[in-house]
Amino acid sequence: MFEKEFQHIQELAKGHGIQHYDVYLSKSKAFSVKIFRRDIDSFNYSDSIGLGIRVILDDITGYSYTEKLDLESLESALLNARKNAKSVDFKEKVVLENYPSIDKNLDIYNEDLLRIPVEDKIEKAKELEQIALDYDKRIVNVPHALIGDNESFIKIANSSGLNKEYSLQKKERKQSRGTSKLYLAISMISNLRI
């Protein structure tokens, strides 16, 4: 995933004479719905992506960041990182390495969770609220019932050959490690009729 963008950065770095650099990409999606008295109290969905570049020139480090992954934005981020490295006086020894693969594969990702329709998630949150209300007749109010999920993807590469990724959706890939969170939370701090 994002191989083309990382290849562009490698070619751009070579073309601009940048020998030492690393690239960090993070992409995430998150969803949550909070129910209060069978109505939607809050609904949140976010989808974000960002790419950071670190350039090292004579033990001086410069950083730059972009949220766009087109060729022009990638080149601008790379050149800004180089420019920032040239404007800093502080020297810091940075060693770029190509770390070995991790052989342990955690089997904690459930792809089915990401296929649950939003409408079903809303209904589940309403069911959670009802379960809490039905638990004891003295419960007259549930502050909220919440259901949510998230997924993320992280990729890092550098000029020393490192090219690793952490992905929630691609646990079958050799360099990928997966996990998915579907968290269900319901507040049990409820008002009791005494």
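Here is a yes/no grid of residues against (1) touching a Lys or Arg at 6+ places or on another chain (Cβ under 6 Å); (2) under 25 Å from Lys164 (Cα atoms); (3) assigned to a strand (DSSP E or B):
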{"site": "Ile40", "(1), (2), (3)": "no, no, yes"}
{"site": "Ile49", "(1), (2), (3)": "yes, yes, yes"}
{"site": "Ser73", "(1), (2), (3)": "no, yes, no"}
{"site": "Leu79", "(1), (2), (3)": "no, yes, no"}
{"site": "Arg82", "(1), (2), (3)": "no, yes, no"}
{"site": "Asn98", "(1), (2), (3)": "no, yes, no"}
{"site": "Asp120", "(1), (2), (3)": "no, no, no"}
{"site": "Ala132", "(1), (2), (3)": "no, no, no"}
{"site": "Val140", "(1), (2), (3)": "yes, no, yes"}
Q) Within segment 23-38, how many residues are surrounded by 19 or more Cβ atoms within 10 Å (Cβ to Cβ) and farther than 25 Å from Glu165 by Cβ? A) 3
Q. Is it the case that some residue within segment 5-22 is assigned to a strand (DSSP E or B) and under 16 Å from Asn163 (Cβ atoms)?
A. yes
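Residue-wise test of (1) touching a Ser or Thr at 6+ places or on another chain (Cβ under 7 Å); (2) under 30 Å from Leu114 (Cβ atoms).
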{"site": "Asp41", "(1), (2)": "no, yes"}
{"site": "Asp89", "(1), (2)": "no, no"}
{"site": "Lys93", "(1), (2)": "no, no"}
{"site": "Glu97", "(1), (2)": "yes, no"}
Q.
I'd like the full set of residues that are loosely packed, with under 14 Cβ neighbours inside 10 Å and not in a loop (DSSP other than H, G, I, E, B), limited to segment 51-70.
A. Tyr65
Q.
Checking the condition β-branched (Val, Ile, Thr) and at pLDDT 95 or above, which residue from Ile60, Ile56, Ile49 passes?
A. Ile49
Q) Got a number for residues in segment 84-97 being surrounded by 13 or more Cβ atoms within 10 Å (Cβ to Cβ) and either of a type outside the set (Val, Ile, Thr) or without any contact (Cβ under 8 Å) to a residue 24 or more places away in the chain (or both)? A) 3
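The values are calculated or read from the model by the stated rules, or taken from the named source; none is laboratory data. As the structure is a prediction and not an experimental result, all values here were calculated from the model. Heads up, the Cβs are rebuilt from the backbone with ideal geometry, glycines too, and the neighbour counts pull from every protein chain shown.
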